[in-house]
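The structure appears below as structure tokens.
The values are calculated or read from the model by the stated rules, or taken from the named source; none is laboratory data. What you see is a predicted model; the values in this text were computed from it and never measured. Glycine also receives a Cβ, built like all others from the backbone with ideal geometry; neighbour counts cover every protein chain displayed. We work out accessible area using only protein heavy atoms, side chains counted, and drop any ligands, DNA or RNA first. Shrake-Rupley method; radii C 1.70, N 1.55, O 1.52, S 1.80 Å.
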Amino acid sequence: MHTAPPPTIDTATGLLRGVRQVLATQCDARPPDCLPTLIVVHGISLPPGEFGGPWIDRLFTGALPAAAHPYFKEIEGLRASAHALIRRAGEIVQYVPFQLRAWHAGKSEYQGRSSCNDFSIGIELEGTDDTPYTEAQYGSLAALIGALLAAYPSLAPERIAGHSDIAPGRKTDPGPCFDWGRLRALLGG
Ligand SMILES: [Zn+2]
């Protein structure tokens, strides 16, 4: 079986080597001296429940055509991004260099600290709360987190949270179908 080599990160640019880059304009600098200390796992599908298609790329680059779907009209003007997306077949797409602040968490709090975008890295999994994520997605997520831990010593495997953990009552992703035990096992602990 052919498998892609594990991703690595060029810390000078904050970019993954060998993955598709669709660089978002919807990002900005982290606050001064603010290192990433948290990894946030999300789930996303556009339109909700549909996989594939160009729409996540378009949302994160501020180019989602409101006329293409009633849901897109609903979220018109939403300015959001994540550092990376893992598609159903395990393909990783990067939108924001890791040293920059992506706009994925919204109003949020982790261990008493608010505004999680400032100090986190956001990874989206293409999926829904109630659809099992794929084997390939767990593999790519573990490989990506491994690359992040290797590149950024400020991160730690103990500090990985779901969007629902940092915005309870407001966000439910990655949802009950996300298997945290499986991710931890893949990360080796
Ligand atoms: Zn989310």
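Residue by residue through the range 57-64, which ³J(HN,Hα) values in whole Hz follow from phi under the Karplus form 6.51 cos²θ - 1.76 cosθ + 1.60 (θ = phi - 60°), with glycine and proline marked x?
Whole-Hz 3J(HN,Hα) from phi for the range 57-64: 4, 5, 4, 6, 9, x, 10, 7.
Could you check the simple spin-label distance between residue 91 and residue 11, using points 7 Å along Cα→Cβ, in nm with one decimal?
Using points 7 Å along Cα→Cβ, the separation is 3.1 nm.
Counting alpha carbon pairs within less than 8 Å and at least 6 residues apart, what relative contact order, in whole percent, applies to the chain?
28 percent
Given the Cα-Cα distance of residue 63 and residue 150 and 0.36 nm per residue of separation, how much length would full extension add, in nm?
Additional length available on full extension: 28.0 nm.
Taking +1 at the Cβ of each Lys and Arg and -1 at the Cβ of each Asp and Glu, which of 55, 156, 174 sits farthest along the dipole of the chain towards its positive end, judged by Cα position relative to the Cα centre?
Of the options given, the answer is 156.
Report in % the part of the accessible area of the range 76-189 that belongs to carbon and sulfur, leaving out ligands and nucleic acids; probe 1.4 Å.
51 percent
Only loop residues by DSSP count here, and only those with at most 14 other Cβ atoms within 10 Å; note down the GluC sites (Glu not before Pro) in the range 25-122 that meet that.
Hits after loop and neighbour filter: 50, 76.
Using 0.36 nm per residue of separation minus the Cα-Cα distance, give me the extension gain between residue 22 and residue 159 in nm, one decimal. List each step's numbers first, then the result.
Numbers: separation 137, 0.36 × 137 = 49.32 nm, distance 2.66 nm.
Going from the current span to full extension adds 46.7 nm.
What distance in nm lies between label points placed 7 Å from Cα along the C-beta direction at residue 51 and residue 109?
3.6 nm
About the Cα centre of the chain, what is the dipole size in debye to 20, counting +1 per Lys and Arg Cβ and -1 per Asp and Glu Cβ, all else neutral?
It comes to approximately 240 debye.
Just to verify a number: what accessible area does residue 121 come out at with the full protein assembly present, 1.4 Å probe, Å² rounded to tens?
Its heavy atoms expose roughly 0 Å² to the probe.
Give me the base-10 log of I(q)/I(0) for the chain at each q in 0.12 Å⁻¹, Debye formula, one uniform scatterer per Cα, rounded to two decimals.
Values returned for q = 0.12 Å⁻¹ are -0.53.
Could you let me know the centre-to-centre spacing of the range 20-51 and the range 129-189, using Cα atoms, in angstrom?
14 Å
What nm value, rounded to one decimal, do you get for the distance between residue 78 and residue 185 when each label is placed 7 Å out toward the C-beta?
According to this spin-label approximation, the distance is 3.3 nm.
Treat every Asp and Glu Cβ in the range 71-159 as -1 and every Lys and Arg Cβ as +1, leave all other atoms uncharged, and give the resulting dipole magnitude about the Cα centre to the nearest 20 debye.
Working: 8 positive and 11 negative charges, 64 e Å.
I would put it at about 300 debye.
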